[in-house]
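Structure first, commentary second.
The values are calculated or read from the model by the stated rules, or taken from the named source; none is laboratory data. Keep in mind it's a predicted model, so treat the numbers as computed, not measured. Here the Cβ positions follow ideal geometry from the backbone for every residue, glycine too, while neighbour counts run over all protein chains shown. Protein only, heavy atoms only, side chains kept; ligands, DNA and RNA dropped before computing areas. Shrake-Rupley method; radii C 1.70, N 1.55, O 1.52, S 1.80 Å.
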Amino acid sequence: MSVSDINTWFGITENASEHGGLVDHMLGFVHWFMLALFVGWSIYLVLAFTKFRQSKSPNADYHGVRGHASTHIEIGVVVVEAILLLGFAFPLWSRQADDFPTSPDTVKIRAMGEKFLWNFQYPGNDLMLSTWNPKAIAPTNVTGRDLMDPNGKDDFVNPGTMKLPVGRPIIVDVSSKDVIHNLALVPMRAAQDAIPGVKAHMWFKPVKTGTWDIICGQLCGPGHAQMKAVLEVVEDKEFDEWAKEQSATAAAKSAAQ
């Protein structure tokens, strides 16, 4: 049994990203620690309720606890939390920041949230995303791409489905057109707030094919619970063929305008 097994017991979605193992390892430690605290404090409460019940101690004690056991326990909890933060969270964040992908096979897309759906913009065959202008967002330009940018002539938008290739780094620009949303890709162990007018980034590398739900991790209005999309990870060849076809259609449409 590994440290991360407890995550499965709690029903966490399977990991499908390269860095997800480190996240799950840290999360496993947190779950075991919280379980130990839950059991320990539950035992303490039972003992306290039994020892200090009214029938056994009818008179109130106004001096309270005279020992220092609780203080030592609280200090121990702080020490463990510091170890989890400094020993796991900071190194993982540092690795994500320092290893930001720059390889030629990196796929860069744009995710635009709105009440209550996600739109995903892909670069065309030139592999270059158009520049982004939040003022250009319109019903016919849902992601706000700069229509004057020649790099965007073959870009295409895939509403409701984020389709990705397995085994290649993915960079996602995340923003919103109305209120704050959160692009939560649970199988990739990645999430990023989508803030109106702000372009934020997230990156990961899928290591497993499959289909999962994308949810909004930020309460964003009455339709929040229905703000879902699909994360689909396919083989590299299948993705390239699909992207090439979608790009050609977008380029032809742009040329006809």
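Laid out as a table, the results:
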| item | result |
| --- | --- |
| Test set (1) open to solvent by less than 20 Å² (accessible area, probe 1.4 Å); (2) closer than 24 Å to GLU114 by Cβ - PRO206 fails condition number | (2) |
| Residues of the stretch 98-119 classified as within 17 Å of ASP193 (Cα to Cα) and not charged (D, E, K, R), total | 8 |
| MET148 over 19 Å from GLU114 (Cβ atoms) and free of Cβ contacts under 8 Å to residues at least 12 places away in the same chain | yes |
| Test: residue in the stretch 10-20 that is open to solvent by 80 Å² or more (accessible area, probe 1.4 Å) and either in a helix (DSSP H, G or I) or more than 30 Å from GLY210 (Cα to Cα) (or both) | no |
| Counted residues, the stretch 53-102 - those being outside any helix (DSSP H, G or I) and either open to solvent by 80 Å² or more (accessible area, probe 1.4 Å) or closer than 26 Å to MET26 by Cβ (or both) | 16 |
| Any chance ALA194 is surrounded by fewer than 19 Cβ atoms within 10 Å (Cβ to Cβ) and out of contact with any Pro (no Cβ under 9 Å at 6 or more places or on another chain) | no |
| From THR211, THR249, residue being of a type in the set (Ser, Thr, Tyr) and assigned to a helix (DSSP H, G or I) | THR249 |
| Unmet requirement for ASP105, which otherwise passes all of (1) modelled with pLDDT of 85 or more; (2) touching a strand residue (DSSP E or B) at 6+ places or on another chain (Cβ under 9 Å); (3) surrounded by 12 or more Cβ atoms within 10 Å (Cβ to Cβ) | (3) |
| Residue list for the stretch 138-172, restricted to those being of a type in the set (A, V, I, L, M, F, W, C) and open to solvent by 40 Å² or more (accessible area, probe 1.4 Å) | LEU147, MET148, VAL157 |
| Evaluation of ALA111 against (1) part of a strand (DSSP E or B); (2) open to solvent by 60 Å² or more (accessible area, probe 1.4 Å) (one fails), failing number | (2) |
| Any chance VAL23 is open to solvent by less than 40 Å² (accessible area, probe 1.4 Å), among the hydrophobic types (A, V, I, L, M, F, W, C), assigned to a helix (DSSP H, G or I) and touching a Lys or Arg at 6+ places or on another chain (Cβ under 9 Å) | yes |
| Top-ranked residue in the stretch 85-125 [being in contact (Cβ under 8 Å) with a residue 40 or more places away in the chain and aliphatic (A, V, I, L, M); ranked as nearest to SER254 (Cα to Cα)] | ILE109 |
| Flag for GLY160 being closer than 19 Å to VAL233 by Cβ and among the small types (Gly, Ala, Ser) | yes |
